[in-house]
Amino acid sequence: MSVAAGVDHAALFAAMPSPSLVTGPDLVIADVNRAFEDATGRAREDLVGLHVFEAFPDAADAEGTRNLEASLNRALATGEPDTMPLQRHRIPGPDGTEERWWALVNVPVPGADGRIAWIVHQAEDVTPYVTSGREAARGERPGVWRGAHLETAQTLEAKLYARARELQRLNAELRRAHARERQVALTLQRAMLTTPDLDVRGEVAVRYLPATRGLSVGGDWYDVVDLPPDRFALAVGDVVGHGLEAAAAMGMLRSALSAAMRAVERPAPALEVLGLYAGSLEAALNTTVVEVVVDTRNRMVTYSSAGHPPPVLAHADGRHDLLDLATDPPLGVQPVPRPQANASYEPGDTLVLYTDGLIERHDEDIDAGLDRLTGALADAARYEAAELADVVLARLGVEGGGPDDIALVIARL
């Protein structure tokens with residue numbers, strides 16, 4: 001048994017010294033620890049099951065409520081922790097309400113499928129720090145303030161509050177800048193994924209889903225190339241990294257491979273050409289890609305892979321083959337030549353190419369993801385290619401996107 005398996009996480013959460021609250025994605029409170037009960041004067045049983053803003057309707061001023069709501073929504077949207085500026089709260093006390101200053105952070109926790117399952121709302125009571133100037137400025141008699149010291153304490157408190165608000169403003173500007181970069185990269189990527197030959201070869205469906213976590217798109221791509229009179233080629237690739245640089249590298253590699261597929265018409269030589277080109281692009285190092293050429297006259301697929309997850313050939317009777325007999329390291333790792341292999345197919349079989357975002361999960365072996373994919377393809381013959389693409393995404397729990405970018409190509413042979 002691993003060390004983690006013997007840890008009582010519920011007991012650890014209950015004993016944490018920092019006031020902490022857990023909600024689901026719907027912002028309904030699922031648990032609070034003892035420190036949170038002590039800090040707010042509210043019992044756990046009175047809070048669990050309530051929406052955050054139902055449980056604490058008067059805990060902060062209107063601006064504080066807006067800040068908290070915006071922070072929780074950002075954590076849900078980006079999958080990243082969101083730190084808030086100092087917030088002033090009114091907490092029930094023995095003599096009415098007490099003013100408290102809290103430093104707050106909202107931490108999203110992904111589930112096994114990569115989606116946000118929980119948000120941990122953690123607070124640190126910094127009231128003594130904020131009000132220490134007041135205490136230092138008190139006179140010898142309780143309740144008496146010295147004028148100069150009072151002014152200094154109030155000035156320090158105002159500066160601290162102003163700096164917290166400035167930090168919030170700068171963080172908001174940074175998020176907007178990242179969002180603009182994401183939109184530019186996504187627009188660039190979608191434009192470069194235009195596939196003129198897609199409708200030439202009948203039942204071929206393609207899908208691209210950007211990652212749901214973070215603010216940057218990645219370098220995943222797909223392509224479909226017609227090779228008259230009786231062949232066509234499919235390819236998917238994945239550039240390491242995210243953002244504009246990865247999207248730009250993706251565009252150059254996709255164009256180079258598209259030209260190579262038309263020139264040499266066999267996957268291994270095409271990847272050899274692409275590897276030579278990738279050697280001149282620093283951003284292309286360790287890119288993975290797989291190409292499959294379909295010969296419709298001889299009912300044969302020929303494939304070659306540069307470090308990419310294996311395509312799946314799903315047969316109409318429910319069986320499947322992983323096309324994993326011609327796999328070499330990613331681009332830029334090993335020079336030419338590259339291997340190539342063949343597999344026969346029957347009418348009604350389905351060929352599936354994809355990037356690792358479809359099957360990989362951070363907490364499991366890749367074989368588990370492959371098993372999940374092949375299981376989802378067991379009844380592939382029931383669906384048309386476009387419908388099957390949506391079914392696969394749904395069955396693997398990424399129909400709305402996953403932790404990483406996803407490119408998917410499905411061809412009915």
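Observations
- Taking only the C-alpha atoms of region 322-367, the Rg (one decimal) and the largest Cα-Cα distance, Dmax (whole number), read 14.3, 38 Å.
- Cα extents of region 258-413 along the three principal axes, largest first (Å): 43, 41, 23
- Computed magnitude of the charge dipole of region 208-352 (debye, nearest 20; Cβ of K, R +1, Cβ of D, E -1): 120
- Table column - 3J(HN,Hα) (Hz), region 378-394, Karplus curve with 6.51, -1.76, 1.60, x for Gly and Pro: 4, 10, 4, 5, 5, 10, 6, 4, 5, 5, 5, 4, 5, 5, 4, 4, 5
- For region 296-312, 3J(HN,Hα) per residue [Karplus equation, 6.51 cos²θ - 1.76 cosθ + 1.60, θ = phi - 60°, Hz, x = Gly/Pro]: 6, 6, 9, 6, 9, 10, 10, 9, 8, 10, 9, x, 9, x, x, x, 10
- Selection among ALA249, PRO269, ALA283 by position relative to the dipole of region 229-289 gives PRO269 as farthest towards the positive end (Cβ unit charges, Cα centre).
- Estimated distance in nm for a label pair at ASP367 and SER255, the labels positioned 7 Å out from Cα along Cα-to-Cβ: 4.2
- Taking label points 7 Å from Cα along the Cα-to-Cβ direction, GLN183 and ASP197 give a separation of 3.5 nm.
- Taking the Kirkwood radius as Rh and the Cα radius of gyration as Rg, region 217-341 has a ratio of Rg/Rh equal to 0.97.
- Rolling a 1.4 angstrom probe over the protein heavy atoms with all chains in place gives region 248-336 an accessible area of 42 Å² per residue.
- Calculation over all alpha carbon pairs of region 281-354 in 10 angstrom steps from 0 returns a P(r) of 20, 46, 24, 9, 1 percent.
The values are calculated or read from the model by the stated rules, or taken from the named source; none is laboratory data. Please read all numbers here as calculations on a predicted model, not as lab measurements. Positions of Cβ are backbone-derived with ideal geometry, glycine not excepted, and every protein chain shown enters the neighbour counts. The area values use the complete protein model at the heavy-atom level, side chains included, leaving out ligands, DNA and RNA. Shrake-Rupley method; radii C 1.70, N 1.55, O 1.52, S 1.80 Å.
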